[in-house]
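Please read the structure below before turning to the comments.
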Amino acid sequence: MEALAAYGIWLRGSLWAYPALEAVHIASIGMLFGALVVLELRLFGIGSALGARPLAALALPVALAGFGGALLSGGLLFAADYGDLLLNPAFRLKMALLGLAGLNAALFHVRAGLDRIDRVARAQAALSLGLWVGIIVCGRAI
C-alpha cells in the first residue's frame, strides 16, 4: 500500500508523467471509439459496398488495441488517485457504463451480429455508440 501511495504522489506531482499518461489514455480511447464508429456505421448500412466481416477484421484489432491501451493507462491513472476516484460519481458511472458496453459487445458477438445484420444488431450498435459517448463524457467529468 505504501508503494501505491508513493506512486500516486510521484505521478500527480510529475510535470510530464501524468499528462503523458492522460494523453495515452485519450489516444487509446480515440482508437477504440474511432474503430467502433466505422464498424457500427457499416451495420447501419453506410458503406454497404464493404463487407462487414473484412471491415471487422480491420476495425476490431484496432478497437482491442485501443481498449488495451485505455485499460493499462486508466489503471495507472486510477492507482495514482484511487481514493478520490472511488468516491467520484462520474467515475463510478463510467465503470458501470464500461461494464454494460462490454456485456453488449459480448452479446453482439455471441449472437453473431456480423453475420446477421438485423434490427437487434443495429440496436446493439446504437447502444454501443451511446454507451461509449457516455463513457467519454464521464471521463471528462472526472
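Would you tally the residues in segment 111-142 being open to solvent by 50 Å² or more (accessible area, probe 1.4 Å), over 16 Å from V37 (Cβ atoms) and basic (K, R)? Total satisfying the criteria: 3. Can you pull out every residue in segment 56-89 that is within 21 Å of V133 (Cβ to Cβ) and touching a Gly at 6+ places or on another chain (Cβ under 8 Å)? Within segment 56-89, V62, G66 meet the criteria.
Restricting the first member to segment 7-25 and to residues that are within 16 Å of G83 (Cβ to Cβ) and surrounded by 13 or more Cβ atoms within 10 Å (Cβ to Cβ), and the second to residues that are modelled with pLDDT of 90 or more and not aliphatic (A, V, I, L, M), the beta-carbon pairs closer than 9 Å and six or more apart or on different chains are L11/Y18. Residues that are at pLDDT below 95 and either open to solvent by less than 50 Å² (accessible area, probe 1.4 Å) or in a helix (DSSP H, G or I) (or both) do occur in segment 100-110. Against the test of being within 23 Å of the chain's Cα centre (by Cα), within 14 Å of L76 (Cα to Cα) and part of a helix (DSSP H, G or I), the options L41, L36, L21, L4 yield a single qualifying residue, L21. Filter segment 38-86 down to residues that are open to solvent by 40 Å² or more (accessible area, probe 1.4 Å) and touching a residue at least 60 places away in the same chain (Cβ under 8 Å) and give me whichever is farthest from I136 (Cα to Cα). The residue in question is R53.
The values are calculated or read from the model by the stated rules, or taken from the named source; none is laboratory data. The shown structure was predicted, so the numbers you read here are calculated from the model rather than taken from an experiment. Neighbour counts are summed over all protein chains in view; Cβ atoms, including those assigned to glycine, are modelled from backbone coordinates with ideal geometry. When the accessible area is computed, the model is the full protein with side chains, heavy atoms only, and any ligands, DNA or RNA have been set aside. Shrake-Rupley method; radii C 1.70, N 1.55, O 1.52, S 1.80 Å.
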